Amino acid sequence: MSPHPRLIEVTARIQARSAATRQRYLQHVAAHHARGVQRAGLGCTNLAHAYAAAPEGDKIWLRAQHAPNIGIVSSYNDMLSAHQPLLAFPEWIKEAARAHGATAQFAGGVPAMCDGVTQGQPGMELSLFSRDVIAMSTAVALTHNMFDAALCLGVCDKIVPGLLIGALSFGHLPAIFVPGGPMPSGLPNDAKAKMRQRFAAGEVGPDALLAAEEQSYHTAGTCTFYGTANSNQMLMEIMGLHVPGSAFINPGTPLREALVREATHRVLQITAHGPEYTPIAQVIDERAIVNGIVGLMATGGSTNHTLHLVAIARAAGILIDWGDFDDLSAIVPLLARVYPNGKADVNQFHQAGGLGFLIRELLDASLLHEDVHTVAGGKAGLRAYTRHPVLREGPDGQPVLAWEDAPATSGNDQIVGTVATPFATNGGLRLLQGNLGRSVIKVSAVKPEHQIVQAPAIVFDDQEELLAAYKRGELQRDFIAVVRGQGPRANGMPELHSLTPTLTNLQDQGFKVALVTDGRMSGASGKVPAAIHITPEVVAQGPLGRVRTGDVILLDAVAGTLDAVVPAEEWNARELVALDREAHHHGMGRDLFGGMRHTVTGAEQGAASFGGDW
């Protein structure tokens, strides 16, 4: 079955736009592959350093250089629930490698900060830049020339994109991504959000709020709402970088351990030593990137990926922009209702059919490229990801990993829809453009009656100003909050999710409210319309710097426009505001990131500090 004409059109446009950069990237990859197994080029001193601490049995294989050696790159730490389960994975991987006549070494750890912990704090201004630090850390880990493949262990916000960007800089190596899985369901996400709103309104105190948060974030594993972390797992699945069905299996279960061991087995089969050499540069091509955008639209995924997917693509020599997202959004139906786009969490989504069901729906509707390379290999292409992993009893009575087809029908049509009966006929993200620049909006959680807002602007220079005005009782009216000077060059482009409960309260009281900003919102952003990532940002002479309190702004997510309703002559004559962001450049480690602030690209170019132009 041929792909949808629009899918073909957008893919062809990306291929044409990327022809030169993609060719240069692949030339670099081919040159590295031509050198053969990297360890063979190391001198005796180099090799002795590289396996001095290895067990004697592993040294035999490493010395002989005939068997593949896997590099493990991990975001493990035990402060953050999503990463704590990764502690056990390296030993499982090493055992599985030895069982197949190979070796594995822990190549390096990468930083893993949590946006949930740093939300509203100065540390949040390092969050986006941490993605590029993780990419560089991944490159450092793999740069020892000891490895024939990589297993990348990570889950959350900037970590998976950073690991992937880093792995793509070693495009000649196969790589499989190994997630930790979501924590079991706790307090429902909508109940948690309601408690946050009540706290913002002064109806409950911090003790009640903390109790609710502890019930929600209660054990090891990823947060259960569909924010950036779980959007990452969807992307790794739909772009063919997971062992099929790995995304949403809970940690601490026999199935999760079996999938980690299977990732080891599988990556050995796709090394240059194995029968199905599949480097990551072959998996991440223009079709895989388009599939990722489709998955983002079909699930109402995180707005953060309008940055991360652009940066990932550029790391592979592929050039995409928000127009590509918008064109695909027009043809891709919304098939998932997972908080904040619904009441369900990712565990309930998985139980209702999950990604296997959703990918099959999109494939059968010709809305995905099926004929792609994946780490699962074989002739099935992306169809391999329409199956779910299960444990069955083997001949010796021991559990054996197997796969079965995703259910024929949705297990809950309020959580997982079909192409014939979608929750919306278009995707969960839209491009907005007008005299304020270009921005994106997540519409999947915004009710139709809130998707068009026209109201006077109130201009703020940071989120604390808005919260203080709310506490003073000054925001009980229709308005559009303009929070400026929050872009990557200004202060690292922090998430402004702390504004969500306050603005939601005002909207629930009947006021027409919206947010317009050159900053980010969380992947958990929800019911309030928010035009975010405005590019160019204010400190890069963006037109948002012309807005004055009292200007009428029209945000129209239906038409895809964002404009200050000001006469053109007056608008063009206004001076751009000059913002002093110096206070945001010092303390909490921010002093160390001045170089990134100076070199970072705009949001639509991925907010990246690395070149990637090949």
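Structural remarks
- Selected residue [in contact (Cβ under 8 Å) with a residue 60 or more places away in the chain, closer than 20 Å to Glu9 by Cα and of a type in the set (Gly, Ala, Ser)] from Ala365, Ala384, Ala352: Ala365
- Among the residues listed as Ser216, Ser246, the single one being crowded, with 24+ Cβ neighbours inside 10 Å, over 14 Å from the mean Cα position of the chain (by Cα) and hydroxyl-bearing (Ser, Thr, Tyr): Ser246
- So Ala193, is it among the small types (Gly, Ala, Ser) and modelled with pLDDT of 90 or more: no
- Meets criteria (in contact with a helix residue (DSSP H, G or I) (Cβ under 7 Å, 6 or more places away or on another chain), modelled with pLDDT of 95 or more and outside any strand (DSSP E or B)) for Trp614: no
- Criterion applied to Ala139, Ala150 was being modelled with pLDDT of 95 or more and buried (at least 24 other Cβ atoms within 10 Å of the Cβ), and the one residue passing it is Ala150.
- Annotation: of all residues in region 398-411 being part of a loop (DSSP other than H, G, I, E, B) and open to solvent by less than 60 Å² (accessible area, probe 1.4 Å), the one that is nearest to Gly274 (Cα to Cα) is Ala406.
- Applying a threshold of 6 Å to beta carbon distances and a minimum spacing of six or more residues, or different chains, the list of pairs starting in region 444-458 at a residue that is in contact (Cβ under 8 Å) with a residue 12 or more places away in the chain and ending at one that is open to solvent by 20 Å² or more (accessible area, probe 1.4 Å) and in a strand (DSSP E or B) reads Ile452/Asp556; Gln454/Leu554; Pro456/Val552.
- Residues of region 354-379 classified as on the phi > 0 side of the Ramachandran plot and crowded, with 24+ Cβ neighbours inside 10 Å, total: 1
- Conditions (1) closer than 24 Å to Asn189 by Cβ; (2) modelled with pLDDT under 95; (3) among the small types (Gly, Ala, Ser); number of the one not met by Gly492: (1)
- Boolean, Val558 is open to solvent by less than 40 Å² (accessible area, probe 1.4 Å), within 30 Å of Val446 (Cβ to Cβ), part of a loop (DSSP other than H, G, I, E, B) and at pLDDT 90 or above: no
- Condition check for Gln433: open to solvent by 30 Å² or more (accessible area, probe 1.4 Å), among the polar types (S, T, N, Q) and either assigned to a loop (DSSP other than H, G, I, E, B) or modelled with pLDDT under 95 (or both): no
- In the condition set (1) in a helix (DSSP H, G or I); (2) more than 18 Å from the chain's Cα centre (by Cα); (3) of a type outside the set (Val, Ile, Thr), Gly252 is compliant with all but (1).
- Within region 561-581, the set of residues being open to solvent by less than 30 Å² (accessible area, probe 1.4 Å) and either at positive phi or not in a loop (DSSP other than H, G, I, E, B) (or both) comprises Leu562, Ala564, Trp571.
- Which listed residue, of Ala229, Ala263, is crowded, with 24+ Cβ neighbours inside 10 Å, farther than 20 Å from Gln105 by Cα and of a type in the set (A, V, I, L, M): Ala229
- The residue that is nearest to the chain's Cα centre (by Cα), counting only those in region 442-460 that are modelled with pLDDT under 95 and open to solvent by less than 70 Å² (accessible area, probe 1.4 Å), is Lys442.
- Looking only at residues of region 293-350 that are among the polar types (S, T, N, Q) and closer than 20 Å to Ser246 by Cα, we find that the one that is modelled with the lowest pLDDT is Ser302.
- Among residues of region 1-19, those that are in a helix (DSSP H, G or I) and either without any contact (Cβ under 8 Å) to a residue 24 or more places away in the chain or open to solvent by 70 Å² or more (accessible area, probe 1.4 Å) (or both), counted: 10
- Any hit, region 70-86, residues being open to solvent by less than 70 Å² (accessible area, probe 1.4 Å), within 25 Å of the chain's Cα centre (by Cα), among the aromatic types (Phe, Trp, Tyr) and at pLDDT 95 or above: no
- Region 79-107: number of residues that are touching a Leu at 6+ places or on another chain (Cβ under 7 Å) and part of a loop (DSSP other than H, G, I, E, B): 2
- Unique match (being under 20 Å from Val283 (Cβ atoms) and surrounded by fewer than 20 Cβ atoms within 10 Å (Cβ to Cβ)) among Pro395, Pro389: Pro389
- Condition check for Asp327: of a type in the set (Asp, Glu) and surrounded by fewer than 24 Cβ atoms within 10 Å (Cβ to Cβ): yes
- Residues located in region 167-205, provided they are open to solvent by 10 Å² or more (accessible area, probe 1.4 Å) and in contact with a strand residue (DSSP E or B) (Cβ under 6 Å, 6 or more places away or on another chain): Leu173
- Only residues that are open to solvent by less than 30 Å² (accessible area, probe 1.4 Å), among the hydrophobic types (A, V, I, L, M, F, W, C) and outside any strand (DSSP E or B) were counted across region 412-430, and they come to 1.
- Hey, Phe225 touching a residue at least 40 places away in the same chain (Cβ under 8 Å) and more than 26 Å from the chain's Cα centre (by Cα) or not: no
- Residue that is farthest from the chain's Cα centre (by Cα) [pool: residues in region 379-410 that are more than 24 Å from Asn250 (Cβ to Cβ) and among the charged types (D, E, K, R)]: Asp396
- Sole exception among (1) surrounded by fewer than 24 Cβ atoms within 10 Å (Cβ to Cβ); (2) farther than 27 Å from Ser522 by Cβ; (3) touching a helix residue (DSSP H, G or I) at 6+ places or on another chain (Cβ under 9 Å) for Leu382, by number: (1)
- Selection from region 266-304 of residues that are of a type in the set (Val, Ile, Thr), under 27 Å from Gln23 (Cα atoms) and either open to solvent by 10 Å² or more (accessible area, probe 1.4 Å) or assigned to a helix (DSSP H, G or I) (or both): Val267, Thr278, Ile280, Val283, Ile289, Val290, Ile293, Val294
- Answer residue from region 249-260, given it is surrounded by 19 or more Cβ atoms within 10 Å (Cβ to Cβ) and in contact with a Leu (Cβ under 8 Å, 6 or more places away or on another chain) and is farthest from Ala96 (Cα to Cα) among those: Ile249
The values are calculated or read from the model by the stated rules, or taken from the named source; none is laboratory data. Note that this is a predicted model, so its numbers are computed, not measured. Heads up, the Cβs are rebuilt from the backbone with ideal geometry, glycines too, and the neighbour counts pull from every protein chain shown. Ligands, DNA and RNA are excluded from the accessible area calculation, which covers all protein heavy atoms including side chains. Shrake-Rupley method; radii C 1.70, N 1.55, O 1.52, S 1.80 Å.
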